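The values are calculated or read from the model by the stated rules, or taken from the named source; none is laboratory data. Keep in mind that what you see is a predicted model, and the values were worked out from it rather than measured. All Cβ positions, glycine included, derive from the backbone under ideal geometry; neighbour counts span all protein chains shown. What goes into the accessible areas is simple: the full protein's heavy atoms, side chains included, and nothing from ligands, DNA or RNA. Shrake-Rupley method; radii C 1.70, N 1.55, O 1.52, S 1.80 Å.
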Amino acid sequence: MEKVHRLISTCFGIGYTPKGGGTVAALVCCIAWYFAGTGGNESVFIEVAATVAILAIGIYSAGKVEEKWGKDSSRVVIDEVAGMCLTLLFIPVRWQYIVIGLFLFRIFDISKPLYIRKMEQLNGGWGVMMDDMLAGLYSNLALQVIVLFKPW
């Protein structure tokens with residue numbers, strides 16, 4: 001079972017990337033979101049369900065690997081995928097919005113303003129995942145404003 005948790009936490013090995021594993025994972029998520037996105041109301045349920053599932057599985061698996069790898073290991077990148085999914089929720093699937101969302105998310109995730117860093121203090125997988133979820137929420141809100149004023 002430990003191998004499964006490592007596979008999930010590293011997003012099928014992306015977390016073993018020497019530098020920038022989080023950015024690579026977020027980029028892979030963006031590409032998958034773009035090609036999976038059909039737009040319309042029918043896909044919103046799938047997008048929300050996928051985001052919630054990734055979050056739940058990530059909390060569990062990140063908590064399991066933390067026992068061996070330590071607190072918020074750079075190998076754990078499922079948190080970036082969950083945060084990126086939240087960034088793109090309820091946003092029209094257009095490459096322009098996805099690129100802007102990626103930049104916003106990485107800025108919030110790396111700089112950790114507005115209580116994002118405080119979320120890392122939560123125990124286990126919660127601390128690993130929730131800072132990225134808050135970064136994703138802030139990114140989504142900023143992206144919603146951009147969509148309002150710059151509809152492609």
Looking only at the stretch 15-57, count how many residues are closer than 18 Å to TRP69 by Cβ, modelled with pLDDT under 95 and β-branched (Val, Ile, Thr). 1
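Identify, please: which residue in the stretch 47-105 is acidic (Asp, Glu) and assigned to a helix (DSSP H, G or I) and is, among those, least open to solvent (accessible area, probe 1.4 Å)?
The extreme case among them is ASP79.
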Within the stretch 121-149, take every residue that is assigned to a helix (DSSP H, G or I) and polar (S, T, N, Q) and give me the one that is nearest to SER111 (Cα to Cα). SER139
